[in-house]
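The values are calculated or read from the model by the stated rules, or taken from the named source; none is laboratory data. The model shown is predicted, which means the values in this text are computed figures rather than measured ones. We place every Cβ from the backbone using ideal geometry, glycine too, and count neighbours over all the protein chains shown.
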Amino acid sequence: MATTTAPPTVINAKLNGQDIQTKPGTLLINLTKELGIEVPAFCYYEGFSLQAACRMCLVQVNSSPKLLPGCTTIVTEGMVIETESPLVVEARKSMLEFLLTNHPLDCPVCDKGGECELQDMVFKYGAGESRFVDIKHHEPERPFSPVVYYDPARCILCYRCVRVCDEGYGVNALGVVNRGVLSEIAPNRGDQLNCDECGACIDICPVGALTSNTYRYKTRPWEMKHVGTTCAHCSNGCKTTLGVRNDEIMRANNRDSSGLNEEFLCIKGRFGFDFNHHPDRLQSPMLRIDGDLQPVSWSKALAAVAAKFNEVKAAGGKFGIVASNRTSNEENYYLQKFARTGLGTNNIDHARTGDVVTLVDALSGKQGKLATMADLYQTKAALVIGSDLAQQHPLLAYELRRNWRHHQARIYAMTPGPVREDKYAAATARVAFGEEIAALEGWREQLAKEPELLILFGDSIKGASLRQLVDFGESLGIPVKYVALVDYANSRGAIDMGLVPELHPGFVPSGQPGLTLPEMLDDSQLDVLWVVGANPLANRSQANPKAFVVVQDLFLTATAARADVVFPAASAYEKKGTVTNVTGEVQRLTAAVKTMGTKTDLEIFGLLGKEMGLELGIWSPDAVFNEIRQNVRGYNVTMPILATGGAAPTTPVNGKVNVETRSDLVHSAGDTLFTSGSMTKYSQVLNTVAERPGQLYKPV
Amino acid sequence: MANLTEILSAAKAITKGMGITFGEMLQPALTEAYPDGPPQFQERYRGAHVLKRDENGLEKCVACFLCAAACPSDCIYIEAAENTDQLRISGGERYAQVYNIDYNRCIFCGYCVEACPTDAITHGHDFEIASYDTSTLIYRKEKMLEAPQAGKASLAYDSQASNGTSGH
Amino acid sequence: MFNPPSPHEVKILTRRFGVQNSHTIDASLAHQGYDGLKKAIAMGADAVINEIKASALRGRGGAGFPTGMKWSFIPRTSPKPKYIVCNADESEPGTCKDRLLIQNDPHSLIEGIAIAGFTMNSNRGYIYVRGEYRYLIYILETAIAEAYKHNLLGQNILGTGWNFDLFVHSGAGAYECGEESALLNSLEGKRGTPRLKPPFPATHGLYQSPTLLNNVESFCAVTHIIRDGAADFAKHGPEKSGGTRLMCISGHVQRPGVYEMPLSTTLPFLINEVGGGLRPGRTLKAVQPGGSSSPILLPEECNVGLDFDSLAKAGTMAGSGGIVVLDDTADIVAYALRIIRFYQHESCGWCIPCREGTTWLKKILERLNQGEGTMKDVDLVGELAKNMFGRTFCALGDAAAWPTGSIVKKFRGEFETKLAAVQARQVPAELVNIG
């Protein structure tokens, strides 16, 4: 056996006269970042391919007579690096001078003014005066799509947008056209973007070349209050930072890269907040008087509901409570407590979108089997079954793509139709819903060779087939983790908080009989139907048309229109609390704005309980969450993580659930990138950009 | 002897003093007859603000919010809106839909004028803004805006109608 | 087809020029055509590379990198396919040698590429032809078809069991695509922008596979080196720059043209003896010895050899072998503007200093040429050229900055005179509004 010298584990170099050590293969620009020395750059963006086009990061290195770009130079043994030598400083200054020759000085009207990287760099490194006296090249601004606008004059051609679109999101909608100084960014097909409309290109733009139509010219960055909260739409639980001015959300982004999604957001996260300001928002409680819903005061509405509830309770009548996929954990917990201890009923359910209960049961006794978001980026191999991730779970799709890009993860996609994962998957198969388990056997050999596997599955895998899937996974002989895909912002939390008749919070069997959602609607003896943030009567009617219906919602939905009392509820952006995402991580909601006349669902429960004379405990989100931490298994999460806006993983029950769960009721709504359940209707942006809705396949 | 010296020096002082008095009597008076007569201002006097227009009659203000950012007493409130081809208010892409100055709070420091990149906000010479009703002290844009000059385009105009061109 | 030859020429690459129908395979075969390929097959790959190393052949495209060394860098045993790419994107102003080689002796080029293909164990080659040379594509394709017919390309070439296919690909008229990595991008159907180096094309070239990329003249030289032996070629030049070179002399000489000269030729000899000297009564003002990208030489600097090392020592470069001679009638300001216009037009737009720098330089020089500006602007031109030089992504920025910087430095007085003259309206309008 030939002896080989082991590669060095540490590299010694000199940076600005200081001896430093680093790992082999470190890029010079990353080394300086680690050491807190700024080497400015426009085109370098961690995680994406290298460009070396902006030439801002030129530094002096002893091994080269020329200045070298820090973004492509790897630190080698004995390298002597100067980042602040007169030559480097002068080079930076001249690059900025070149950049500004054709860049308009319209900072006062530019949306990026105040948070512009070019502005910052010119302020710090640039020359005080311009020597350019000739006429600047100018091209007029043009829209790329209903949300993306492009101003070629401001563009510095750093290609960040092109890369984030292609490499990050796998969309490849943007490219470069023309040559030399006439070069500009353009949609790859036609003159309009036919893309996810995620707006990542807008956020990643270091200057004001790409701007968003929803935010353009409305305000300035320093005029806004920035509130970090969790996106109200799908189950992925992206952290989003809302820019708020005068109690209005002006924009959403996550430029500080905090949270589990770093800077990822899809169109719903970045632009879909506009439902919050929709003119149809309910702003007053309504009571059915003489057959019509009429605005009344809170006290009158609460009194009416309390009286009816007490009356039905006293008469031993039948309650049916429909809970939400979007309300916070605190609200869910308080609601089930209200139902079970306050009203003495177990008839509580919600629209189930993923069979988490069976998964937890099937995995009983095994450690570390439920994947977290970080696992998606770290796993060596992943298997996607029956879900178009890029449409339904964009963050999960993004993380897998990122994993493949950075770690060459092997992705397997088994879906009924073509998906975006096909482009880079190790293997793909077109398998109809319900036939996946049989088809998986064909991949057994290949999958068993992987060092580890992460299985994501949609709503077609439930009950018996889910148990078969777990059997399959556990028989591979490799570490396997699972993610049961669910639909909405707190679908996972709804199950954890026991919003089903068969379970109390924390997967504890309730042991009492209770009506499920379809059973409530089919029950002709039902006295009261209490709907919180759901729309069960959207496509069907009730068996008992005389039932007293109470609805808490943001809008007058089909269910609310049928109600006897409607309470205007606050949205997720207007309340404090926590939600649990698809991978079981708890994140905080922060109230960013307030809509006049609304109350949070938690407050409505509390006031109603008080009005009814019930003792349900105080209804502040903090107090209720404290109760959850003490009473709900798996939710004793680390508070500092939550408090600082992080995602705290829940530790799920590790034992048999011992309950016959109604897996047959699990049914995903099949939302796309451009839909978000009943909220879709109230988001103007989602409605204007959805060029090709309904691309998603659904079982017939 | 001592008395004579004292008398002489006193007389000298009186003469000197009265000399100035009589000399000044012949000069034009500096005292202003305000409020009976109009007050005189130095050019750089910082009075109530005036929002300027450019040579085309468009508003100079592009709603960059820099005056509001510079204001130490936080008395400027702006809401921005986008110019369109149909309705062009300012020369830039953006204009101030709402521009309020709260004179309850304004300290006339002039920082807003200094911060303005388009020379849109200036100090006028109006200072008679005292009021018994503080709610009248929030000046709206319409009150501060310079009147359009005769023969120039007015406040807002339809560029398509007036120029016959399709925008800029 | 070509200018009358000069008695001083050493005809190696151009030996078949003037032969009746020299572009046909019959004419080529009658004059030792494809003997080099047969010899290469007999020699074996290692011997071929050693032979080229021994010939001291340096790349004729512009950079002058030793060709033998380049060939030895290709991982011939790599499991990936290996590609041979010929750079026929000849666009350097002042250079027009590849055109003549293809026009008059395409088989010499095909043979050179085939030798490279055999040596690298490659099965596929491409000739990337400049878009404006559309008429050469026909010649090349005809010649390739002839070679296929004679089993000099295609399957089982000359019974060796080795297959090699050769394709002609047309560029779209971008100077930048003469840069090797931009050429590869363009060949792959992408935007013609240069790639990050390393990795170099030798290992990660066309479709991320090992790729040998040489200029037309280099491939042609290989043909003759292998046929006649390295020593026969190397003897015509100094130690480190072997052989002959097609020198394109243009500008104010009496007999401009392309001449194949030994690399030991000196610049005065080329101008006076080969190029026929300046026009009567004229004096030399400046020479650009290596295409428009090379720094300009003053008359007193012109006593240099035309090999790569001598010119580098003189502060300029041999480049692509396009020698531009300017006599005292030349307007150096207009000349500088003409050069920068070209580079401004051809800048691909990838990196900031080249994209913005060339545009700014053009704007200033346009102004200066029209008499608008001061000597401060002239200094600014020099400074901007300095700021661009060595800081751009690829060599195009250097190619624009280097000559411009040298012109401003060496002819500052000319700028002053011209500014004064134009401002006094003493310059004819056609010299002011050039373009």
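Among the residues that make up region C:77-91, is at least one of them surrounded by fewer than 17 Cβ atoms within 10 Å (Cβ to Cβ) and aliphatic (A, V, I, L, M)? Looking through region C:77-91, none of the residues is surrounded by fewer than 17 Cβ atoms within 10 Å (Cβ to Cβ) and aliphatic (A, V, I, L, M).
Is it the case, given these coordinates, that residue C:202 is under 30 Å from residue A:68 (Cβ atoms), away from chain A (no Cβ under 14 Å) and surrounded by fewer than 22 Cβ atoms within 10 Å (Cβ to Cβ)?
On the way: under 30 Å from residue A:68 (Cβ atoms): yes; away from chain A (no Cβ under 14 Å): yes; surrounded by fewer than 22 Cβ atoms within 10 Å (Cβ to Cβ): yes.
Spelling it out, residue C:202 is indeed under 30 Å from residue A:68 (Cβ atoms), away from chain A (no Cβ under 14 Å) and surrounded by fewer than 22 Cβ atoms within 10 Å (Cβ to Cβ).
Scanning region B:92-115 for residues that are touching a strand residue (DSSP E or B) at 6+ places or on another chain (Cβ under 8 Å) and within 14 Å of another protein chain (Cβ to nearest Cβ) yields B:93, B:94, B:95, B:96, B:97, B:98, B:99, B:100, B:112. Here the condition is being within 19 Å of the chain's Cα centre (by Cα) and not hydroxyl-bearing (Ser, Thr, Tyr); of A:448, A:464, A:390, it holds for A:390 alone. When region C:158-198 is filtered for residues that are touching a Gly at 6+ places or on another chain (Cβ under 9 Å) and among the polar types (S, T, N, Q), the ones remaining, listed by number, are C:163, C:170, C:181, C:185, C:186, C:193. Any residue that is closer than 13 Å to residue C:408 by Cα and either more than 11 Å from every other protein chain (Cβ to nearest Cβ) or buried (at least 23 other Cβ atoms within 10 Å of the Cβ) (or both) - is there at least one of those in region C:315-329? No, every residue in region C:315-329 fails to be closer than 13 Å to residue C:408 by Cα and either more than 11 Å from every other protein chain (Cβ to nearest Cβ) or buried (at least 23 other Cβ atoms within 10 Å of the Cβ) (or both). Checking each residue in region C:365-388 for being at the interface with chain A (Cβ under 9 Å from one of its Cβ atoms), hydrophobic (A, V, I, L, M, F, W, C) and surrounded by fewer than 24 Cβ atoms within 10 Å (Cβ to Cβ) picks out only C:380.
Put simply, of A:170, A:114, A:199 the only residue that is within 12 Å of another protein chain (Cβ to nearest Cβ), touching a residue at least 40 places away in the same chain (Cβ under 8 Å) and of a type outside the set (Ser, Thr, Tyr) is A:114.
Confirm whether residue A:97 is in contact with a helix residue (DSSP H, G or I) (Cβ under 9 Å, 6 or more places away or on another chain), over 21 Å from residue B:67 (Cα atoms) and not assigned by TED's automatic domain parsing to the domain that holds residue A:205. Break it down stepwise before answering.
Details: in contact with a helix residue (DSSP H, G or I) (Cβ under 9 Å, 6 or more places away or on another chain): yes; over 21 Å from residue B:67 (Cα atoms): yes; not assigned by TED's automatic domain parsing to the domain that holds residue A:205: yes.
Yes, satisfied.
Only one of the numbered conditions (1) within 11 Å of chain A (Cβ to nearest Cβ); (2) outside any helix (DSSP H, G or I) is violated by residue C:397, and that is (2). Of the numbered criteria (1) among the acidic types (Asp, Glu); (2) closer than 21 Å to residue C:196 by Cα; (3) touching a residue at least 24 places away in the same chain (Cβ under 8 Å), the one residue A:82 fails is (2). For residue A:134, the conditions (1) out of contact with any helix residue (DSSP H, G or I) (no Cβ under 8 Å at 6 or more places or on another chain); (2) part of a loop (DSSP other than H, G, I, E, B); (3) within 13 Å of chain C (Cβ to nearest Cβ) all hold with the exception of (1).
Look at region A:585-614: where a residue is assigned by TED's automatic domain parsing to the domain that holds residue A:337 and a partner is part of a helix (DSSP H, G or I) and surrounded by fewer than 20 Cβ atoms within 10 Å (Cβ to Cβ), sitting 6+ places away or on another chain with Cβ atoms under 7 Å, you get A:586/A:642; A:588/A:642; A:608/A:306; A:611/A:303; A:611/A:306; A:612/A:306; A:612/A:310. Candidates are the residues of region A:37-55 that are within 8 Å of chain C (Cβ to nearest Cβ) and aliphatic (A, V, I, L, M); the one that is nearest to residue A:156 (Cα to Cα) is A:53.
Kindly provide the set of residues from region A:362-415 that are hydrophobic (A, V, I, L, M, F, W, C), assigned to a helix (DSSP H, G or I) and within 21 Å of residue A:172 (Cα to Cα), ordered by number. Full working, then the answer.
If we filter region A:362-415 for residues that are hydrophobic (A, V, I, L, M, F, W, C), which is where we start, we get A:362-363, A:370-371, A:373-374, A:376, A:381-385, A:389-390, A:395-397, A:400, A:404, A:409, A:411, A:413-414.
Then drop every residue that is not assigned to a helix (DSSP H, G or I), which leaves A:362, A:373-374, A:376, A:389-390, A:395-397, A:400, A:404.
Correct list: A:389, A:390, A:395, A:396, A:397, A:400, A:404.
If you take the residues in region A:72-111 that are more than 30 Å from residue B:92 (Cα to Cα) and in a helix (DSSP H, G or I), which one is nearest to the other protein chains (Cβ to nearest Cβ)? Looking at the filtered set, the residue picked out is A:91. Within region B:21-46, being among the polar types (S, T, N, Q) and either part of a loop (DSSP other than H, G, I, E, B) or surrounded by 10 or more Cβ atoms within 10 Å (Cβ to Cβ) (or both) holds for B:27, B:31, B:40, B:42.
Of all the residues in region A:24-58, those that are closer than 16 Å to residue A:11 by Cβ and in contact with a Gly (Cβ under 6 Å, 6 or more places away or on another chain) number 2.
Checking each residue in region A:173-182 for being facing chain C (nearest Cβ under 7 Å) and either in a helix (DSSP H, G or I) or closer than 13 Å to residue A:150 by Cβ (or both) picks out A:176, A:180, A:181. Restricting attention to region B:1-50, the residues being out of contact with any strand residue (DSSP E or B) (no Cβ under 6 Å at 6 or more places or on another chain) and under 30 Å from residue B:147 (Cα atoms) number 15.
The residue that is farthest from the other protein chains (Cβ to nearest Cβ), counting only those in region C:330-364 that are over 21 Å from residue C:396 (Cβ atoms) and of a type outside the set (Val, Ile, Thr), is C:330. Condition test on residue C:75, is it part of a loop (DSSP other than H, G, I, E, B), touching a Pro at 6+ places or on another chain (Cβ under 7 Å) and in the same structural domain as residue C:183 (by TED's automatic domain parsing)? The answer is yes for residue C:75.
Can residue C:391 be described as among the basic types (Lys, Arg) and either in the same structural domain as residue C:98 (by TED's automatic domain parsing) or in a helix (DSSP H, G or I) (or both)?
Working: among the basic types (Lys, Arg): yes; either in the same structural domain as residue C:98 (by TED's automatic domain parsing) or in a helix (DSSP H, G or I) (or both): no.
So residue C:391 does not fit the description; no.
Comparison of A:363, A:389 shows that the only residue that is touching a helix residue (DSSP H, G or I) at 6+ places or on another chain (Cβ under 8 Å), over 21 Å from residue A:451 (Cα atoms) and either surrounded by fewer than 24 Cβ atoms within 10 Å (Cβ to Cβ) or not assigned by TED's automatic domain parsing to the domain that holds residue A:236 (or both) is A:389. For region B:103-141, name all the residues that are within 18 Å of residue B:64 (Cα to Cα) and either among the acidic types (Asp, Glu) or over 12 Å from the mean Cα position of the chain (by Cα) (or both). The answer is B:111, B:114, B:115, B:116, B:117, B:118, B:119, B:140, B:141.
If only residues of region C:149-192 that are touching a Cys at 6+ places or on another chain (Cβ under 6 Å), part of a helix (DSSP H, G or I) and within 14 Å of chain A (Cβ to nearest Cβ) are counted, the one that is farthest from residue C:137 (Cα to Cα) is C:176.
Specify which of the listed residues (A:88, A:80) is more than 17 Å from residue C:360 (Cα to Cα), aliphatic (A, V, I, L, M) and buried (at least 17 other Cβ atoms within 10 Å of the Cβ).
Exactly one of A:88, A:80 is more than 17 Å from residue C:360 (Cα to Cα), aliphatic (A, V, I, L, M) and buried (at least 17 other Cβ atoms within 10 Å of the Cβ), namely A:88.
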